[in-house]
Amino acid sequence: MCYPRRTEIINFQNNIFDKLFPAHLALIPQLNEVYELELAFYENLILSDEELIKNGAYFAKVGDIPTRHFLMCQGEPLKLAKHSSSRLKSFFETNQFKTGYATNGLFPYRGKFHPQMIKGLINIMGCKSGNTVLDPMMGSGTVLIEATLMGINSLGVDISPFCEFMVRAKLSGLTVNTADLRKALKNFDVLYQYFTESPLAFKKTDFYCDDFPKEFEIPEIFEDKQFHDYLALSFLDAKGYSERSKRKSLKEQFKAILERYLFVAEKIQSVLSGHENELGKAHPMQGDARQLDIPNESIDGIIFSPPYSFAIDYLKNDASHLNILGANIETLKKKMIGLRHKKPKEKYEGYLIDMHNVINECHRVLKKGKICSIIVGTNNNQLSKILNIGPDEVKGLNVQLREMGETIGLKPIKSIERKITGIANTMRSEFIEMMQKV
């Protein structure tokens, strides 16, 4: 059937944004992907102007008032080192409003979320102040940090004791005493000596110790566990950099990274000044996503990304930090989803069994009518090798997880595709699979 051509003259002064959003809303700069436009559209439908100002992820201004997200992201995000590669600098410039803001950019960790996307998801899932959001595989803690900034309570679970510590430390940066951080920098030589020579500095898994050198001018600040965690994470960050690059000594790296951690804390706290009592309460903990120590129907929203452990060895990536913690890597490996078997196909099959148990637990703890969102890449190329079939024949992980949810009462309500650029040979796309408990 042939359809007649439309003959009216197009007004090229209008654009798609004018059609989708009210004139008093200004979108955030660098909004350039379809999935971002879709999340922004839903935020506009769901949030009031006041909520957009406080918690919106994709808007720079509401009328003449800049949003909190815009204020968090403007300016230099991380105080990058002078010797940082042009690629790294370009990444943070290009993604200024997507990642790296607040304490999200601290500590390199494989598989981080874009925080802006998580903030948008929390909004369109309908989570509000006083609600509780869960990430049963919290990794670097993006969900907990975003929820805290939005005034929403959160729980985070991870099998790795290092992840528990890292998230706790990153959360502490939102409220840590920055004047004490500056004092610590003035006493840097003793601080460095403590972390490199004290047998107690990393003796306990919580990295806390009351026995600080007496020659340090302000030992009373170490009564603040938050402060100690933040310093300890910056030292481990420096240790990782010095192991990967010989450009600077560990001492030089530690000082530069501690300055960066101070910069980040001061920047986010300046935006939050006067609103500190609005922050949500976050509780990171070590645990197993297959057996959550959480009451039935107590959670208002779930966001997580499953590990690709059958393709990526997360324990190997974190081995040096886990060793410092005194963690038994072999014991962890037996519990780690996707790593409990030796052969690739057995790992994959075990992964699917484990993920079914995880989704069962998510269903159990989620309140009726609330939403569970899973962010998962397709991984078809790796899976095709494991299963010995063509990439186009592989049933994507997102489809398999969605089907698992559907069999236990999680109704699929939305699937949003996010194209992945730069690593197309590894993952073609990432999907946000949203499911509602019926």
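Quickly run through region 273-307 and pick out the residues that are touching a Pro at 6+ places or on another chain (Cβ under 7 Å) and open to solvent by 40 Å² or more (accessible area, probe 1.4 Å).
Gln286
Which residue pairs have Cβ atoms under 8 Å apart, sit 6 or more places apart or on different chains, and have a first residue in region 285-309 that is of a type in the set (Phe, Trp, Tyr) and a second that is open to solvent by 20 Å² or more (accessible area, probe 1.4 Å) and not in a loop (DSSP other than H, G, I, E, B)?
Short answer, once both residue conditions are applied: Tyr308/Gln382.
Kindly evaluate Leu383 against the criterion of being within 22 Å of Asp135 (Cβ to Cβ), among the aliphatic types (A, V, I, L, M) and out of contact with any strand residue (DSSP E or B) (no Cβ under 8 Å at 6 or more places or on another chain).
For Leu383, the condition - within 22 Å of Asp135 (Cβ to Cβ), among the aliphatic types (A, V, I, L, M) and out of contact with any strand residue (DSSP E or B) (no Cβ under 8 Å at 6 or more places or on another chain) - is not met.
Tally time: how many residues in region 151-166 are in contact with a helix residue (DSSP H, G or I) (Cβ under 7 Å, 6 or more places away or on another chain) and of a type in the set (Asp, Glu)?
1
Please verify whether Lys98 is open to solvent by less than 20 Å² (accessible area, probe 1.4 Å), more than 18 Å from Leu171 (Cα to Cα) and out of contact with any Asp or Glu (no Cβ under 7 Å at 6 or more places or on another chain), treating the condition exactly as stated.
The answer is yes for Lys98.
Checking the structure you have, find out if any residue of region 115-131 is surrounded by fewer than 22 Cβ atoms within 10 Å (Cβ to Cβ) and closer than 20 Å to Pro307 by Cβ.
No, because not a single residue in region 115-131 is surrounded by fewer than 22 Cβ atoms within 10 Å (Cβ to Cβ) and closer than 20 Å to Pro307 by Cβ.
Counting just the residues of region 242-272 that are outside any helix (DSSP H, G or I) and open to solvent by less than 70 Å² (accessible area, probe 1.4 Å), which one comes out modelled with the lowest pLDDT?
Ser245
Which helices (runs of 4 or more DSSP H) sit wholly inside region 3-111 and have at least 2 residues that are at pLDDT 90 or above?
34-46, 49-55, 68-73
Hey, any hits in region 192-199 for a residue that's open to solvent by less than 10 Å² (accessible area, probe 1.4 Å) and modelled with pLDDT of 90 or more?
No, region 192-199 contains no residue that is open to solvent by less than 10 Å² (accessible area, probe 1.4 Å) and modelled with pLDDT of 90 or more.
So if I check each of Leu155, Leu144, Leu134, Leu149, which one is open to solvent by less than 20 Å² (accessible area, probe 1.4 Å), farther than 17 Å from Met72 by Cα and modelled with pLDDT of 95 or more?
Going through Leu155, Leu144, Leu134, Leu149 in turn, just one is open to solvent by less than 20 Å² (accessible area, probe 1.4 Å), farther than 17 Å from Met72 by Cα and modelled with pLDDT of 95 or more: Leu134.
For region 308-328, which residues satisfy the criterion of being open to solvent by 40 Å² or more (accessible area, probe 1.4 Å) and more than 22 Å from the chain's Cα centre (by Cα)?
Asn323, Ile324, Gly326, Asn328
Report, by residue number, each residue of region 341-354 that is touching a residue at least 12 places away in the same chain (Cβ under 8 Å), over 13 Å from Ile386 (Cα atoms) and either open to solvent by 20 Å² or more (accessible area, probe 1.4 Å) or polar (S, T, N, Q) (or both).
Result: Leu352, single match.
When you scan region 362-411, how many residues do you find that are β-branched (Val, Ile, Thr), loosely packed, with under 14 Cβ neighbours inside 10 Å and under 30 Å from Ser154 (Cβ atoms)?
Of the residues in that region, 1 qualify.
The values are calculated or read from the model by the stated rules, or taken from the named source; none is laboratory data. What you see is a predicted model, and the numbers here were worked out from it, not measured in a lab. As a convention, Cβ positions derive from the backbone with ideal geometry for all residues, glycine included, and neighbour counts pool all protein chains shown. Each accessible area value is taken on the protein alone, full model and side chains, heavy atoms only, with ligands, DNA and RNA left out. Shrake-Rupley method; radii C 1.70, N 1.55, O 1.52, S 1.80 Å.
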